[in-house]
Amino acid sequence: MSDFKRTILITGGAGFIGSHVVRLFVDKYPDYHIINIDKLTYAGNLENLKDIEGRPNYSFEKLDVCDFDSIHALMLREHADGVIHLAAESHVDRSIKDPFTFARTNVMGTLSMLQAAKLYWESLPEKWAGKRFYHISTDEVYGALEITRPEGTKGNEEAGGGPFGDDFFTETRKYQPHSPYSASKASSDHFVRAFHDTYGMPTIVTNCSNNYGPYQFPEKLIPLFINNIRHRKPLPVYGRGENVRDWLYVEDHARAIDLIFHKGTTGDTYNIGGFNEWKNIDLIKVLIRVTDRILGRAEGSDEDLITYVTDRPGHDMRYAIDSGKLSRELGWKPSLQFEEGIEKTVRWYLDNQEWMDRVTSGDYQKYYDSMYKNR
Ligand code: NAD
Ligand code: TYD
C-alpha cells in the first residue's frame, strides 16, 4: 500500500480547467496522490503543469478514458478512491464538424470511467465507503435562455434578476441541449446519475458556466482574441455579437471543485457560475481596451479589428447560471471581480507569449516525448 491518505484520478488534467484543478490538489494536499490521466489530444498540453512536474505526490498517465481495461487496471494498481472526471472534447465549433469524436470521448469515455470505478470499488470489502466519482459538466446542457430585458434597462439584481433577463438555469431545469457538444455532455451527465440511482455509486455532477483564465487553448473566444489583438489580426465575431455568456475565472471553478469534492452531498448536482453575464460584443470591447492599454496602444484603437462573420449554426443566445445552491449550502462564491480577472488574464497571455507561440506552432506536443518517452 502507498503512504498516501488518498489516491485521486483526475482526467483531462493537461487541459485548461484540469491543469488548474491538478495544480490546486497537488499544492494543497501533499498527503494525496494525484494521478493525471490524459490522452493528450490537441487540447492537452503538459507544459501547463511544468511547475509541478516531479512533485512526489503527482504522476501522469497518458491514457484514453475510453480504454476501459487500462483505466480499470490503473485503478486496481493504484488503489484509486476518488475520480474527478474532466476529460472531454470541449469546443462547440469542433463538435459541429465532428460529432462522432464528441460522442466517443464524452459519452463512451465517461461510461468507461464509471464502469471501471464501479467494478473496482464493488470488489473491495468496504465497497463505496470513502469513494467519490465527481463528473465535471457544463451549463450548456440546459439549452439556451432568451434575452428578455430591453437594452439599457436595469435588472432587479437584488431580487435575483440578471442584466439580460430574470430566467436562470437552476439545478432542476430540464435538459435541452442544442449542440453536439452539449448533447454529448448531457448524455454523460445522465449516465453518471444512472450509476448513482441504479448501483448506489457515490457520484456528484456540477454544471459550470464559461471559464476564462490562463492556459486556455486559443480556439476559445478570450485567448484567441487576446492573441489576435496582440498581432493585430481580425477578431471574428459570430453573428452580431449579441449572444450572452456568464463568465467565471478558472481558479474560482477549481476552488469550487475542491470544495464540492470534499463537502458536496453524494448524488447531488451543483451549478457553478459567476453571476457575471456579458454580451459577446461588450466583452470583446473590454478585452480590446485592456489589451491596448497594457501594450501601450491608444485604448480602443484595435476595435477596427472586429469583423462580423457568419453566425455559428444553432448558436445558443444566452446562458445564465444560478449558483445560489452552492453558496447557500457550501458557502462558495467567486473570489475575483470580473475586471480583476480579465486584467490578470490579459496580462498572463501577454507575459507568456512563449506558451502561446508553442501552442500555435504545435511544439507543445513534443513535450511529452521529451519528458516521458524513455522513463
Ligand atoms: P480542454 O479541451 O481544455 O481539455 C480537455 C482535456 O481532456 C485535454 O487535456 C485533452 O487532452 C483531454 N482529453 C480529451 N479526450 C480525451 C480522452 N479520450 N481521454 C483522455 N483525455 C482526453 O477542456 P476544458 O475547457 O478544460 O474543460 C474541461 C471539462 O470542463 C470538460 O469536461 C468540459 O465539458 C467542462 N467545462 C468546461 C467549461 C469551459 O468554459 N471551458 C465550462 C464548463 C464545463
Ligand atoms: P466559446 O469560447 O467557443 O465558448 P462557448 O461556445 O462554449 O460558449 O465562445 C464564447 C462565445 O463567443 C460564444 O457565444 C461564441 C462566440 N465566439 C465568437 O463570436 N467568435 C469566435 O471566434 C469564438 C471562438 C467564439
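The values are calculated or read from the model by the stated rules, or taken from the named source; none is laboratory data. Note that the structure is a prediction, hence the values are computed from the model and not measured. Cβ: placed from backbone, ideal geometry, glycine included. Neighbour counts: every protein chain shown. These accessible areas exclude ligands, DNA and RNA; they are computed on the full protein's heavy atoms, side chains included. Shrake-Rupley method; radii C 1.70, N 1.55, O 1.52, S 1.80 Å.
Between A116, A43, the distinction of being within 11 Å of ligand 1 (Cβ to nearest atom), within 30 Å of N374 (Cα to Cα) and surrounded by 18 or more Cβ atoms within 10 Å (Cβ to Cβ) belongs to A43 only.
Quick check: is even one residue across the range 162-169 of a type outside the set (V, I, T) and closer than 28 Å to H262 by Cα? Looking for residues that are of a type outside the set (V, I, T) and closer than 28 Å to H262 by Cα, one finds at least one in the range 162-169, hence yes. Just wondering, is there one or more residues in the range 72-83 that are of a type outside the set (F, W, Y), touching a residue at least 60 places away in the same chain (Cβ under 8 Å), within 10 Å of ligand 1 (Cβ to nearest atom) and touching a helix residue (DSSP H, G or I) at 6+ places or on another chain (Cβ under 6 Å)? Looking through the range 72-83, none of the residues is of a type outside the set (F, W, Y), touching a residue at least 60 places away in the same chain (Cβ under 8 Å), within 10 Å of ligand 1 (Cβ to nearest atom) and touching a helix residue (DSSP H, G or I) at 6+ places or on another chain (Cβ under 6 Å). Among the residues of the range 352-368, is there at least one that is within 19 Å of V250 (Cα to Cα), surrounded by fewer than 16 Cβ atoms within 10 Å (Cβ to Cβ), modelled with pLDDT of 95 or more and out of contact with any Cys (no Cβ under 8 Å at 6 or more places or on another chain)? Within the range 352-368 (the criterion being within 19 Å of V250 (Cα to Cα), surrounded by fewer than 16 Cβ atoms within 10 Å (Cβ to Cβ), modelled with pLDDT of 95 or more and out of contact with any Cys (no Cβ under 8 Å at 6 or more places or on another chain)), the answer is yes, since at least one residue qualifies.
Has the range 201-208 got at least one residue that is within 14 Å of ligand 2 (Cβ to nearest atom) and β-branched (V, I, T)? Quick ask: steps written out before the conclusion?
Going residue by residue through the range 201-208, those that are within 14 Å of ligand 2 (Cβ to nearest atom) are 207-208.
Add one more test, that the residue is β-branched (V, I, T), and what stays is none.
No - not one qualifying residue is present in the range 201-208.
If the condition is being open to solvent by 20 Å² or more (accessible area, probe 1.4 Å), at negative phi and not aliphatic (A, V, I, L, M), then the range 228-261 contributes R230, H231, K233, P234, P236, Y238, R240, E242, E251, R255.
Which members of the range 226-244 meet the condition of being assigned to a helix (DSSP H, G or I) and within 16 Å of ligand 1 (Cβ to nearest atom)?
I226, N227
Taken together, I34, I71 contain a single residue that is in a strand (DSSP E or B) and either farther than 20 Å from F191 by Cα or away from ligand 2 (no atom under 16 Å from the Cβ) (or both), which is I34. Among residues of the range 307-362 being assigned to a strand (DSSP E or B) and under 21 Å from I288 (Cα atoms), the one that is nearest to ligand 1 (Cβ to nearest atom) is V309. The listed residues are I96, I52, and the only one of them that is among the hydrophobic types (A, V, I, L, M, F, W, C), surrounded by fewer than 23 Cβ atoms within 10 Å (Cβ to Cβ) and within 16 Å of ligand 2 (Cβ to nearest atom) turns out to be I96.
Please pick out the residue among L287, L336, L350, L283 that is over 26 Å from E146 (Cβ atoms) and within 21 Å of the chain's Cα centre (by Cα).
Of L287, L336, L350, L283, the one residue that is over 26 Å from E146 (Cβ atoms) and within 21 Å of the chain's Cα centre (by Cα) is L336.
Is there a residue in the range 57-67 that is within 18 Å of the chain's Cα centre (by Cα) and part of a helix (DSSP H, G or I)? The answer is no, given that none of the residues of the range 57-67 is within 18 Å of the chain's Cα centre (by Cα) and part of a helix (DSSP H, G or I). Scanning the range 119-143 for residues that are within 23 Å of H178 (Cα to Cα) and either open to solvent by 40 Å² or more (accessible area, probe 1.4 Å) or more than 16 Å from ligand 2 (Cβ to nearest atom) (or both) yields one hit, H135.
V359 satisfies every condition listed in (1) within 16 Å of ligand 2 (Cβ to nearest atom); (2) touching a strand residue (DSSP E or B) at 6+ places or on another chain (Cβ under 9 Å) except (2). Could you please let me know if N227 is under 17 Å from the mean Cα position of the chain (by Cα) and either within 16 Å of ligand 2 (Cβ to nearest atom) or not hydroxyl-bearing (S, T, Y) (or both)? So N227 does not fit the description; no.
Only one of the numbered conditions (1) closer than 21 Å to Q216 by Cα; (2) crowded, with 18+ Cβ neighbours inside 10 Å; (3) in contact with a Lys or Arg (Cβ under 8 Å, 6 or more places away or on another chain) is not met by V83, and that is (1). If A186 meets every condition in (1) more than 12 Å from ligand 1 (Cβ to nearest atom); (2) farther than 30 Å from D304 by Cβ; (3) free of Cβ contacts under 8 Å to residues at least 60 places away in the same chain apart from one, which number is that one? So A186 meets the others, but not (1).
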